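The values are calculated or read from the model by the stated rules, or taken from the named source; none is laboratory data. Every value quoted in this text rests on a predicted model; they were computed, and no experiment measured them. Using ideal geometry, Cβ is built from the backbone for each residue, glycine included, and neighbour counts are taken over all protein chains shown. Surface areas here come from the heavy atoms of the whole protein model, side chains and all, with no ligands, DNA or RNA. Shrake-Rupley method; radii C 1.70, N 1.55, O 1.52, S 1.80 Å.
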Amino acid sequence: MTHRSCRIPIASLATLALLAPACRKQSALASPLPQKNAAVGSPSAAVAKPLDAPSADSRPQPQPPAAPCVEVAGGGEPSLPDLLEQAGRDFERGRYEEALECAREATRTDQTSVAAHHFRGAALAELGHVEEARTAYSRALAIDPDDPEVLRSAADLHVRRLGSRDDLELALQYVKRALARAQRSHDRALLKELFLLQAMALDDLGRPGDALAAANRSLENDPKDREARREKGVALFELCRFDQARTELSKLAGEEPDAWAEHYLGLIAERAHDDVAAAAHFARAQKLDPDAFKATAQAGRSVFQQIVQDEVEKLPAEIKAGLSRSNFEVTDLPEVTDLTATDPPLSPGILGLFRPPPDSAAPDARPSILLYRRNLSRAAHNDDELHREVRDTLMHEVGHLNGEDDEQLRDRGL
C-alpha cells in the first residue's frame, strides 16, 4: 500500500531540539501496489500504476526573504542551541517556513550539526521540497551515518513521499541500520516507528507476509498505535486472509472514523458480493478523505466490454497474435485460487493475470489472460485513463505470454 498523508503530532520540543526528528505522517494507503515477482510457471499479474503524480518540472514560487530566526540583544549572533530550539518550536506549531529558516541559520552557524541538517530536511519535506529534503538528510548522514533519528526520517521520506521500488529498498536499508542502535538503546517509540516504516515498505514491495511480521513488531512497542494496526489489517488483506483483515479493520473504524479502514472494508465486502455494504464503506472513505478517494471510472459490464474491444482492435499485430493464442476472459475480480497460486499471494487489487497451463496439461493446452473489470475501473479516474489501463494491462499480460518477466515489463512502463 502506498499510504501517505495527514500529519500527526511529533515528539516533545525537548526531543526535537536535541534529536531533530522528522515529522511523522499518518498512513493513508492510496496508490496501487507495485508489481510482484511471480515464480516461473505461475500466474503473473498486472497492477495499477500511481495516479496524480506531480509534474516533474513543477517549481516552488519565489518567496520574499525570511525574517531573522532569533533576535539577539545587541545585534549578536544567536547560538546553535537557540536556533535549534526555535526551529523546534516553529516546527511543532506547523510553521515550516520559519523552522526552515532557523535550520538554515543553524547550518550556517555549524555545518557539522546533524540536528541542523535534520531539521532542514524535515521542514523541506513538509513544504513539499522532496529532493531538497533528500539532500539535507544525506548531508546529515554524511556526518553521522548511523544516527537513528535521521535514518528514520530518511526512510520516512523514501516510503511516504517517493515510493519507487528503489526508494523502498533504500528505505529498508535505512531502517535496518537504525534498528541496530534503537534496539541497543531500547527506544520503544523509535522502534515502533521503524518497524512501521518497514511494514509499509515491505507491503508496497509486494511482501505482505514480511509486512505483517513488521507490523506486529511495531505493535509490540505500542499496541494501540493506529497506523501499525492499519498496516496489519492491510497486510492480512494482501495475504488474502479476508476474515482476519475485516476483524482488524472493523475495530479500527469502530473506534474513530478511518478512511483507509473503510476503503479496505469496502474491498472485502465487494469480494463477498455484498455490493450494498461495499458502496457504503466506499462512500464513507470518500467523505472522510476526498483527496485520497477521488471519483473513479464507473464502467458497467457492457460498457467495459466495449472499451476492451476498442483497445484490442488498436493493439499492435504481435500483441493481437498473443491474445489469439490464449483463452481471453473479462471478469469482475480475481479468484482466490489464482491469487494464492503464488507465494506470497498476488494482491487482490491486480488488474490482470496471465495464467499458464498447469504442468499436467496436454501439450496443446492454451494459457489464459484475464482482465478484472472492477479493479481496472478503480485504477482510473475517467474514461481516458480506463482505456489506457486496459491497453497497458493487455500488453503486460501478453508480455508474460511472450516470456517477459515483471522487471522487464516495468522497465518498458508496463
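Looking at the range 87-175, which trypsin sites (Lys or Arg not before Pro) are DSSP coil and have at most 11 other C-beta atoms within 10 Å of their C-beta? Numbers along the way, then the final one.
Working: sites: Arg89, Arg93, Arg95, Arg104, Arg108, Arg120, Arg134, Arg139, Arg152, Arg160, Arg161, Arg165; in loops: Arg93, Arg95.
Sparse-neighbourhood loop trypsin sites (Lys or Arg not before Pro): Arg93.
For the pair Asp332 and Leu80, how long in nm is the line joining their label points, each one 7 Å along Cα→Cβ?
Going from the Asp332 label point to the Leu80 one covers 6.3 nm.
State in Å² the accessible area per residue of the range 321-396; use a 1.4 Å probe, count heavy atoms of protein chains only, and round to the nearest integer. Don't jump to the answer; show the numbers that get you there.
Numbers: 3260 Å² over 76 residues.
Per-residue value: 43 Å².
Apply the a/c threshold of 1.5 to the C-alpha gyration tensor of the range 72-128 and tell me whether it is rounded, prolate or oblate.
Working: a/c = 2.28, a/b = 1.43, b/c = 1.59.
Oblate shape, in that a/c is at least 1.5 and b/c is the bigger or equal ratio.
Hey, what do the phi angles of the range 94-106 turn into as Karplus ³J(HN,Hα) couplings, whole Hz, using 6.51/-1.76/1.60 and θ = phi - 60°, x for Gly and Pro?
x, 9, 6, 4, 5, 4, 5, 5, 5, 5, 5, 4, 5
Find the accessible area per residue for the range 103-144; the probe is 1.4 Å, ligands and nucleic acids are left out, and the unit is Å². Show your work: numbers first, answer last.
Details: 1680 Å² over 42 residues.
Per-residue accessible area for the range 103-144 comes out at 40 Å².
What are the ³J(HN,Hα) couplings of the range 112-127, residue after residue, when phi is run through the Karplus curve with 6.51, -1.76, 1.60 and θ = phi - 60°? Round to Hz, x for glycine and proline.
The phi angles translate into 9, 7, 4, 4, 5, 5, 5, 4, 4, x, 5, 5, 4, 4, 5, 7 Hz.
Highest first, please rank the peptides 208-214, 359-365, 141-147 by the mean number of other Cβ atoms sitting within 10 Å of their residues.
Top of the packing list down: 208-214, 141-147, 359-365.
When the accessible area of the range 130-254 is split by element with a 1.4 Å probe, what percent falls to carbon and sulfur? Present the calculation step by step, with values, prior to reporting the outcome.
Values: 2310 of 4900 Å².
Of all accessible area on the range 130-254, carbon and sulfur atoms account for 47 percent.
FRET efficiency for Val276 and Asp384, Cβ-Cβ distance as r, R0 = 30 Å, nearest 0.05?
0.50
With a 1.4 Å probe and all protein chains left in place, how much accessible area per residue does the range 155-257 have, in Å²?
Per-residue value: 41 Å².
What does the charge add up to near Leu370, with Lys and Arg as +1, Asp and Glu as -1, over the other residues with Cβ less than 14 Å from its Cβ? Write down the numbers at each step before the final one.
Numbers: positive: Arg355, Arg366, Arg373, Arg374; negative: Glu329, Asp332, Glu335, Asp338, Glu397.
Charge balance near Leu370 sits at -1.
What is the Å³ per residue value for the convex hull set by the Cα atoms of the range 292-338?
Numbers: hull volume 6.6 nm³, N = 47.
Residue-normalised Cα hull volume stands at 141 Å³.
Are there trypsin sites (Lys or Arg not before Pro) in the range 381-414 that DSSP puts in a loop and that have at most 13 other Cβ atoms within 10 Å, and which ones?
Numbers: sites: Arg388, Arg391, Arg410, Arg412; in loops: Arg412.
In loop regions of the range 381-414 (DSSP not H, G, I, E or B), the sparsely surrounded trypsin sites (Lys or Arg not before Pro) are Arg412.
Just how far, in whole angstrom, is the range 116-139 from the range 255-309 if you go by their alpha carbon centroids?
35
Would any residue of the range 263-283 have its amide N under 19 Å from a label point 7 Å out along Cα→Cβ of Asp291? List them or say none.
Counting only backbone N, you get 263.
I'd like the distance between the alpha-carbon centres of the range 140-155 and the range 322-386, rounded to an integer number of Å.
42
Roughly to the nearest percent, how much of the accessible area of the range 324-414 is carbon and sulfur, given a 1.4 Å probe? Intermediate results must be reported in sequence, preceding the final value.
Numbers: 1840 of 4130 Å².
The nonpolar share, carbon plus sulfur, comes to 45 percent.
What net charge is computed for the residues neighbouring Ala182, neighbours being all others with C-beta under 12 Å from the C-beta of Ala182, Lys and Arg scored +1, Asp and Glu -1?
Values: positive: Arg152, Lys176, Arg177, Arg181, Arg184, Arg188, Lys192, Arg217; negative: Asp146, Asp147, Glu149, Asp187, Glu193.
Around Ala182, the surrounding residues sum to +3.
Quick check: pseudo-label points 7 Å beyond the Cα along Cα→Cβ at Gln183 and Arg161, how many nm apart are they?
Taking the two extended label points, one gets 2.8 nm.
Placing unit charges on C-beta atoms (Lys and Arg positive, Asp and Glu negative, everything else neutral), compute the dipole magnitude of the range 117-182 about its Cα centre in debye, rounded to 20. The partial results should precede the final answer.
On the way: 10 positive and 11 negative charges, 21 e Å.
Magnitude of the dipole: close to 100 debye.
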